[in-house]
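Take a look at the structure below.
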Amino acid sequence: MDVKTFWKLIKTTREASGGDTSKQADLVVNTLVPLSLDESFSFEAIWYDLMDVAYDAALWDAAYIIGCGCGDSGFKDFRAWLIAQGKEVYEKALVDPESLVDLIDVKENAQEGALLYVVLDAYRQKTGKELAIEEGAVNRPVAQLKGTHWGEENVNLRFPKLAAKFGDCEKRWAEWL
């Protein structure tokens, strides 16, 4: 699988799922199962390359505002959610994280990592076994965070449009509970 095919798969499954990332993950798994293991591992390698590219402090600060907080696993989920949105959204957010302001609803959970495990699920369905860490792309060096965090006290200054839309976390937490 190449990058063009990867993004086509993300686009078609996103459209077919109506934007529901859990349904999208199921559709990706269903697409990967009949493919060769090499093709599935190519999908996974592209996935992790995109996750690494998005391992950026500016995106993390944006995710922090959007999610009313964002730790390590939350940021991993956020990057998975971002890739699930498709190539155009992903690439635009890399350049300008505030571009997400019109894409995300205040009530939406953008720390949704349903697509993180599609290769593991497809492998299990295809072989009846768990994927060993030595196989696939999961056995790779940890990416280094690019850029600098602005810190909790300054993050709203970095992204004022996101802060204006998502900044009332007390109200949003009350809605989520």
Would you mind calculating the gained length between residue 39 and residue 152 on full extension (0.36 nm times residue separation, minus the Cα-Cα distance), in nm to one decimal? 36.6 nm
Sort by residue number and report every cysteine in the chain with no other cysteine beta carbon within a distance under 4.7 Å. 70
Quick one: compute the contact order of segment 46-112, relative version, from alpha carbon pairs under 8 angstrom and 6+ residues apart, as a percent. 41 percent
Calculate how steeply helix 37-53 sits against the longest principal axis of the alpha-carbon atoms of the chain, using the helix alpha-carbon long axis, and give the answer as 0 to 90 degrees to the nearest 10. 20 degrees
What is the local net charge at residue 91, summed over the other residues whose Cβ is closer than 14 Å to its Cβ (Lys, Arg +1; Asp, Glu -1)? +1
To test your reading of the geometry: what angle, between 0 and 90 degrees and rounded to tens, separates the Cα axis of helix 21-32 from the longest principal axis of the chain? 20 degrees
If the chain between residue 30 and residue 106 were fully extended at 0.36 nm per residue, the gain over the current Cα-Cα distance would be 24.3 nm
Rounded to 10°, Cα long-axis angle of helix 72-84 versus longest principal axis of the chain: 70 degrees
Lys pairs under 16 Å by Cα in segment 3-176, provided they are eight or more residues apart or on distinct chains: 9
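Compute the signed sum of charges (Lys and Arg +1, Asp and Glu -1) over the other residues within less than 11 Å, Cβ to Cβ, of residue 61.
Spelling it out: positives minus negatives among the neighbours equals -2.
Taking a quarter of the surface of the convex hull around the Cα atoms of segment 3-176, what do you get in nm²?
Hull-based average projected area comes out at 10.2 nm².
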Excluding residue 25 itself, what net charge comes from residues whose Cβ is under 10 Å from its Cβ, given Lys and Arg +1 and Asp and Glu -1? -3
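Every read-out reported here was derived from the displayed coordinates using simple, explicitly stated rules and does not represent laboratory data. What you see is a predicted model; the values in this text were computed from it and never measured. A quick note on method: Cβ atoms are made from the backbone with ideal geometry, for glycine too, and the neighbour counts reach across all protein chains shown.
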